[in-house]
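After the C-alpha cells below, expect a handful of questions from me.
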Amino acid sequence: MISLTEPIIHFILETEFKKLPPSTIHATKRCILDCLGVAIAGSRSLGVREVVDLAVEMGGIKESRIWTYGMKAPAQQATFVNSVMAHALDYDDSYRPGIIHPTCSTLPTTLAMCEKIGGQSGKDLILSVCLGNDIACRLAAALKPYDPYDHKLPPWRNSAICSAFGCVVAVSKLRNDSFKTVRDALGIVYSQIAGNKQCEIDGATVKRMQPGFMAQAALSAAFLAQKRVSGAKDIFEGTYGFFEVYGNRNANPAEVLEGLGKTFRVEEIGFKVYPCCALIQAPIEATLELKRTHRLKPDEVEIIKVIASPMVVSEVGREYVPGENPRVDAQFSIPYNLATAMIRGDVNIGDFELEAVTNPERVRFSKRIEIIDFPGMKGGLPITVEIHTTKGERFSKTLEERKGDIKRALSDEELSEKFYKCVGYSDFSDKKKKAKLISEMILNIEEREELESLLDLL
C-alpha cells in the first residue's frame, strides 16, 4: 500500500497560515461560525445537560470553557461537552463525499487547547481547524463510505473514526509538535477510534456524543504522546492499518494525497438548511417547494411518495414510530420531517422538541408518506418527491443537488442568518444581543492576536 503516514505528518508540520489561499481561509471561518451557532442552539438539547453535570461531578483543573454554561473544566472534558452540543441538533456542517461532520470535533478540540496552552491568535485557530478538517475529510472520502454493491453505508460513523485523526492534526499544529510526537499521537488515537450506527437505528442519545468521544480521545492521545508514550507507526498503511481495518472494496488510500497541501477540503464542506440528517435535506426542500408552488394544504394531501436509493430508504426511510428518545428518531426520519413540512410549512429547531416529535397530528400524517426503493439509484441523490392530492392531482419535484452543499452553497448572508436563527433559538438574552458582534468577530478572526475576547462571548 502507498505510504500515507509520513506525507500526512510532513503536511501538518510544513503548512503555514501564509500558504492558505484566501478562499480556504474564508471557508474555514464559515465552518467556525456555523459550528458555534449550532452549538449555542444545541447547548440545552437532550444529552448536553447530562454531560455538563458529569463534568461538574468529575471536577479537575479549570482549563477550558464549556460554552454557554459560564464554567471551565479540564480541556478534555470541555472538548467533549462542547462537541456534544455542536452535534446535538444534527445541524452542523457536513462533507458529502466522506459522509462526515468534521467541525463539531475539530473546533471544540482546537479552542479548548487554545485556552489550555494560551497565546494563540486567530490565524492559529484558522490554520489548525483547516488542517484538521482537511485530513478528516480526505480520510473519510478515501474510505468510499457508500458501497454501490451493497447499497448501504458502513456500520461505523466517519464523523467519529476520521475526525479523531483530524483533532490530533489540529492539536499537533497548535503545539508545533515534532515529527515523532505527531506520529505517536496519531498512532495512539488509532488505538481508541470507535463509533457505530446502531445508536441511530435505536434512537439512542449517545449518537450525538460519538464525535465528542473521539475529540476527547484525540486530546488524550496528544497528551500521552507529549509524555513520550509511543503509538503505532504505520497508522494508515500498515498490515492492520486504518484502511485495512475500515476500508471496503472501493477504498482508495491514494486519494488522501491528491492535491495535499495545494487544495483544501474545507472549501467543499456544506452547511445544513434543516436540523436533521443530511439525507433528509433534499426531500424536505422538494416538499416545501411543491407545497408553496401549488398552495397545498395538509388536508388536501392523500399521499406523498419519495423515490430514493436503497441506501436512503434503509437509513432514513423507516416508518416513524416515536421510541424511547423520539427526538433522535425524528432527526433520522423522512416521514416525520415531511409531515412537519406539510403541516407547518417549514422545518426548524423547535420541530425537534419533545412536544413536537410526539405530536399526534404529525405522527398520523407521517403514515401518508411512502418511501419507494428504486434500485437504479445510488447514493443520497437524486431524490424525487411526488404529492398526490385528494382531487386526483399529482405534483412532482426531483432534486439532483441539495441546498447548502457546495454546488448550491449558502451565501455568507444566508449562513449568517442561520447563525442568528440558532442564537435566537437559545434562551441566552446576552448571546442574542451579541450575535452580530460574535459573527463579525469570527468572520474577521485572522486579524486578532488573541482569542480571549471571542471566548468571553461564548
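No value in this document is a laboratory result; all are computed from the given coordinates. No experiment lies behind these values; they were computed from the predicted model shown. Cβ placement follows ideal geometry from the backbone for every residue including glycine, while neighbour counts extend to all protein chains displayed.
With the contact rule set at Cα under 8 Å and sequence spacing of 6 or more, what percent relative contact order holds for segment 278-399?
That works out to 41 percent.
What is the set of long-range amide H partners of Ile369 at a cut-off below 5 Å, with H atoms built 1.01 Å from backbone N?
Those qualifying (amide H under 5 Å, at least 5 residues apart or on another chain) are Ile304.
Can you list the residues, at least 5 places off or on another chain, whose amide H is less than 5 Å from the amide H of Asn196, using H built in the peptide plane?
Counting only residues 5 or more places away or on other chains, the set is Arg157.
Can I ask one more? How would you order 110-118, 187-195, 76-84 from highest to lowest mean count of nearby Cβ atoms within 10 Å?
Put in order of decreasing packing, that is 76-84, 110-118, 187-195.
Using +1 on the beta carbon of Lys and Arg, -1 on that of Asp and Glu, and nothing else charged, what's the dipole of the chain about the Cα centre, debye to 20?
Values: 58 positive and 61 negative charges, 28 e Å.
For the chain, the charge dipole is close to 140 debye.
Can you spot the aspartates and glutamates whose alpha carbon is less than 14 Å from Lys18's alpha carbon? Ignore those fewer than 8 places along the same chain.
The reachable aspartates and glutamates, counting only those whose Cα sits under 14 Å from Lys18, are Asp124, Glu446, Glu447.
Under 25 Å Cα to Cα from Lys291, which lysines show up? Leave out anything in the same chain fewer than 8 places away.
Lys272, Lys305, Lys367, Lys391, Lys397, Lys403, Lys407, Lys418, Lys421
While we're here: Rounded to whole Hz and in sequence order, give me ³J(HN,Hα) for segment 102-112 from the Karplus expression 6.51 cos²θ - 1.76 cosθ + 1.60, θ = phi - 60°, writing x for Gly and Pro.
Values per residue, Gly and Pro as x: x, 6, 5, 9, 5, 5, x, 5, 5, 5, 5 Hz.
What are the lysines whose alpha-carbon lies under 21 Å from the alpha-carbon of Lys233, with same-chain residues fewer than 8 places away excluded?
Here the lysines satisfying the reach criterion relative to Lys233 are Lys173, Lys180.
Within the P(r) computed for segment 55-154, what percentage of the Cα pairs occupies the region above 15 Å?
Numbers: 3277 of 4950 pairs.
When all Cα pairs of segment 55-154 are counted, 66 percent exceed 15 Å.
How do the peptides 5-15, 216-226 rank, highest first, by the average count of neighbouring beta carbon atoms within 10 Å per residue?
The packing order, highest mean first, is 216-226, 5-15.
Now, a different point. Ratio of alpha-carbon Rg to the 2.2 N^0.38 Å globular estimate for segment 213-365, to two decimals, please.
Values: Rg = 21.6 Å, N = 153, 2.2 N^0.38 = 14.9 Å.
Cα Rg divided by the expected 2.2 N^0.38 Å: 1.45.
Same structure, new question: How large is ³J(HN,Hα), in whole Hz, for each residue of segment 125-134 in order, when computed from phi with the Karplus curve 6.51 cos²θ - 1.76 cosθ + 1.60 and θ = phi - 60°, using x for Gly and Pro?
So the Karplus estimates, Gly and Pro as x, are 4, 4, 4, 5, 5, 4, 5, x, 5, 4 Hz.
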